[in-house]
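All of the numbers you see were taken from the coordinates with simple rules; none came from a lab. For clarity, every value in this text was computed on a predicted model and none was experimentally measured. Note: ideal-geometry Cβ built from the backbone for every residue, glycine included; neighbour counts use all protein chains shown.
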């Protein structure tokens, strides 16, 4: 058992994973999609499209990252590691943009579930996004999508 734990620790602290930041972003997107307990294909596709358009991933990379992100989201007890990565590595404007992505995923199925709104609010607070920016990003996405809040 100690040997197994030692091997795991060595692999976890080995060379930094170049996908660490994209994975952290994708996990938060997956968390938003899963917040209403009804992850639809349109929401998974919105996550994948966001990764392609915003991070420049190709289809194969984005599909693999989405699968990994949803798996991590389902099995993770805490989002602390993902949030720490994003808070350490992203500038405030980049974290604000990420909140905009979360809103896009929340609205992907054409409606905003209260659980999705609560999850975006929670993640915004944990990413140190001001309430003003939280509201402004929501309104901007609603306006772009033609949704009256």
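Filter the range 70-80 down to residues that are part of a helix (DSSP H, G or I) and free of Cβ contacts under 8 Å to residues at least 40 places away in the same chain and give me whichever is surrounded by the fewest Cβ atoms within 10 Å (Cβ to Cβ). Can you show your working first?
Here is the first cut: in the range 70-80, the ones part of a helix (DSSP H, G or I) are 70-75, 80.
Now narrow it down to the ones that are free of Cβ contacts under 8 Å to residues at least 40 places away in the same chain: 71, 75, 80.
Numbers: 71: 12, 75: 7, 80: 10.
Among those that are part of a helix (DSSP H, G or I) and free of Cβ contacts under 8 Å to residues at least 40 places away in the same chain, it is 75.
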The one condition in (1) more than 17 Å from residue 21 (Cα to Cα); (2) surrounded by 21 or more Cβ atoms within 10 Å (Cβ to Cβ) that residue 99 fails to fulfil: (1)
Being within 14 Å of residue 33 (Cβ to Cβ) and either surrounded by fewer than 20 Cβ atoms within 10 Å (Cβ to Cβ) or under 15 Å from the mean Cα position of the chain (by Cα) (or both) narrows it down to one residue among 140, 67, 93; which is it? 67
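Identify all residues within the range 115-132 that are closer than 22 Å to residue 148 by Cβ and either within 12 Å of the chain's Cα centre (by Cα) or touching a residue at least 60 places away in the same chain (Cβ under 8 Å) (or both); write none if there are none.
Looking only at the range 115-132, we keep the residues that are closer than 22 Å to residue 148 by Cβ, and these are 115-121, 124, 131-132.
Residues satisfying the conditions are 115, 116, 118, 119, 120, 124.
Taking the criterion of being free of Cβ contacts under 8 Å to residues at least 24 places away in the same chain and more than 21 Å from residue 20 (Cα to Cα), would at least one residue in the range 40-51 satisfy it?
Scanning the range 40-51 turns up at least one residue that is free of Cβ contacts under 8 Å to residues at least 24 places away in the same chain and more than 21 Å from residue 20 (Cα to Cα).
Residues of the range 105-123 being outside any helix (DSSP H, G or I) and surrounded by fewer than 17 Cβ atoms within 10 Å (Cβ to Cβ), which ones? It would help to see each step written out before you state the result.
So the first thing to find is which residues in the range 105-123 are outside any helix (DSSP H, G or I), and the list is 107-113.
Selection gives 110, 111, 113.
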